Each structure stands twice: as C-alpha cells, then as structure tokens.
Amino acid sequence: MPQLSCHHLLGIKALTDADIELLMSTSAEFYNVLQRPIKKVPSLRDKTIANLFFENSTRTRLSFELAEKRLSADVINFSASGSSLSKGETLLDTVNNILAMKVDMIVLRHSSPGAGIFLAKHLPRFKHSAQARIINAGDGTHEHPTQALLDAFSLQQSLGPLAGKKVALVGDILHSRVALSNMLLLQKMGVHVELCAPPSLLPKGIEKLGVRISHSLDQTLQRVDAVNMLRIQEERLNVQHFPSAYEYHRLFGLNMERWERLQHKPIILHPGPVNRGVELDGRLADSANSIILDQVQHGVAVRMAVLYLLGQQSTADTGIHFN
C-alpha cells in the first residue's frame, strides 16, 4: 500500500508530489464513504488519538474528532483550560504523560509557531513515544496544513485538475497560517497564486515565494478562478493595520456591488469563521458560487485521509522529516 514519505504532518513543505497525490486520492475515497448510509469504517479501531488543543477552535476540533470517530479510533480530548498547564506543567511533560497512556497519534493545536516541530524533535527521548504521530492542527501564525489540503481538495472537486488554475488569497495574509499553507500547497500543485491585501497586511518579502501581489481586489477578481476570503484576525492584531472595518470592507471586502460588476464569477472559499459584512457579504457566503459548506464537509474526508495514512504506516523507523 502506498505510504506518506513523512511520519508526521507538521507543515506543507515536507510533502512530496506523490504525498499530495496520495492524500487527494485517499480523501476522495473517504468522501465517498461519507455519502453512504453507514459512514463509519474500522480502519483505525486499534488506534488511540489525543486531540490536544491549547488554543480555541470549533471547526477544526469538531472536524478532527468526527474524522477520528468515523475511522473507529478511540479519542481523547484535551483542553488547556483547567489542565495542569495552569499549575506550571510544560508542554513536553503534558505530552509525555499522555504518551504514557499508549496514545498512537496527537492532533496538536497551539498558539506558538513551530510547536508541532518542537514536539516531534523531542519524541525520540520520550520513554513511551513508540511510533506516535503528530498532526499540526494550526500553530500560531505559521501553518495549518489540513486546512490547505481541504481547500485544495474542494477546489479540485469544483474545478478539476488544478495545474494552471489561478487562485487568490485575500485579506489578512500577515497573520494567517491558512494563507501560508495554501500558498505552499497550491504552488506545488501548479496553481498560480495571487495575494490581495493592504500593504500593512502583507509580510515583507512575501513575493519571494513566487506569488503575485495585488492591492486591488477589483483587478484580482477579474483574473482568478477562485478567491479565498481570509478573516481579519483581530485577536492577533496588536496595532491598527487599517483605518476601520468600513474602510477595509469598501476596498478589500467582497460585496454585492463589486460582485455584480464581474463578468466571470470565481468560486468563493473561506476558512471560517466568516465575518459577514467585513471580508464577505453574507449573501455571497450563501450563494451558489460559494463552496464554504463544501469545505466543511470535505474537511472531514481530508482529515480521515491524513489520520488513516499516518495510522497505517509501518512501525519500522524510516526517519522523521521536519522541513
């Protein structure tokens, strides 16, 4: 059976073209499973998975938990609030204690960039680590690999093969882990990626990643096949990056006036939660061109694929990839 080349899913960089193809094809198989009357399969019935969420989440946590249960895995849910972390316990001690309970996989959401990489590097010294796998469910402003994979899968379902297609990421690129993972993955799949945002919400030197930069949403919309409207992450803003929400919506929000001027209507994506009336008009979020709810449904299938492929790997040590 084909296997992923990496032991953990920590980011997009480590994925090879073969890995991406395998993830997409396996996601399609599990998506078909989810259309059946009985949606549960016994693929991971001998595995125990711990969801460690040190940062608030609704969609990602529920999606992972449902994916795990659809695969018949035993599931442990950990929340930082009310845990021993409030008593001074470190991340490594917390994980070491959980691994001592013979956990096979850890789904980690953390506010610190690189938390998953840090944890994976320390696994070999843990007495009970065995062949535990780590899946990055979002680490600060760094990466969110499963979100990028489900976005790409959703685009494939709507547009067919993605090579040569044009996709825009619009909004808070500076603070978005979704943006970075999407940029890396879509370019690996042959997509022409364009970033559209105010200069204050673009990381310095981002054009070095081979993306096109735009400060005009009207121009961007005219040349892309799909547009991913990113949320303004107010919880990460420590300075004012634009005058007001009204001004941002007027220049970079996808509203009805702007939409109706378009001859070619692109597909609309959003990683959620949607700030209706800021980055996206509510009517467009619910329109026929929106695949936002499809993304949610596809997210379960994609995460089932990730969990299944990592869970089915050989126990032989074939090396750990960190980049």
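The values are calculated or read from the model by the stated rules, or taken from the named source; none is laboratory data. Predicted model only: the values in this text are computed from it and were never measured. Using ideal geometry, Cβ is built from the backbone for each residue, glycine included, and neighbour counts are taken over all protein chains shown.
Structure values in brief
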item: Index of the failed condition, A50 passing every other in (1) touching a Phe, Trp or Tyr at 6+ places or on another chain (Cβ under 8 Å); (2) part of a helix (DSSP H, G or I); (3) at pLDDT 95 or above; result: (2)
item: Matching entry among S216, S181 (being under 20 Å from T146 (Cα atoms) and either surrounded by fewer than 19 Cβ atoms within 10 Å (Cβ to Cβ) or not aromatic (F, W, Y) (or both)); result: S181
item: Test set (1) surrounded by 16 or more Cβ atoms within 10 Å (Cβ to Cβ); (2) assigned to a helix (DSSP H, G or I); (3) at pLDDT 95 or above - L62 fails condition number; result: (1)
item: Set A73, A67, A14, A50: member being out of contact with any His (no Cβ under 6 Å at 6 or more places or on another chain), of a type outside the set (D, E, K, R) and closer than 30 Å to M189 by Cα; result: A67
item: Residue match in the range 81-96 (condition: of a type in the set (K, R) and farther than 30 Å from Q187 by Cα); result: yes
item: Subset tally (residues that are crowded, with 18+ Cβ neighbours inside 10 Å, in contact with a strand residue (DSSP E or B) (Cβ under 6 Å, 6 or more places away or on another chain) and of a type in the set (G, A, S)) for the range 115-158; result: 5
item: Boolean, D172 is under 27 Å from R276 (Cβ atoms), charged (D, E, K, R) and not in a helix (DSSP H, G or I); result: yes
item: Among (1) closer than 25 Å to S112 by Cα; (2) assigned by TED's automatic domain parsing to the domain that holds L307; (3) among the aliphatic types (A, V, I, L, M); (4) surrounded by 18 or more Cβ atoms within 10 Å (Cβ to Cβ) - the single one L71 does not satisfy; result: (1)
item: First in the range 244-265 and surrounded by fewer than 16 Cβ atoms within 10 Å (Cβ to Cβ), second anywhere and assigned to a helix (DSSP H, G or I), Cβ under 6 Å, 6 or more apart; result: L262/L221
item: Residue list for the range 119-139, filter: farther than 22 Å from K69 by Cα and either more than 21 Å from the chain's Cα centre (by Cα) or at pLDDT below 95 (or both); result: L119, A120, K121, H122, L123, P124, R125, F126, K127, H128, S129, A130
item: Contacts under 7 angstrom Cβ, first residue in the range 296-323 being at pLDDT below 80, partner in a helix (DSSP H, G or I) and among the basic types (K, R), 6 or more apart; result: F322/K121
item: Flag if L149 is under 26 Å from D46 (Cα atoms), in contact (Cβ under 8 Å) with a residue 12 or more places away in the chain and either assigned to a loop (DSSP other than H, G, I, E, B) or in contact with a Leu (Cβ under 8 Å, 6 or more places away or on another chain) (or both); result: yes
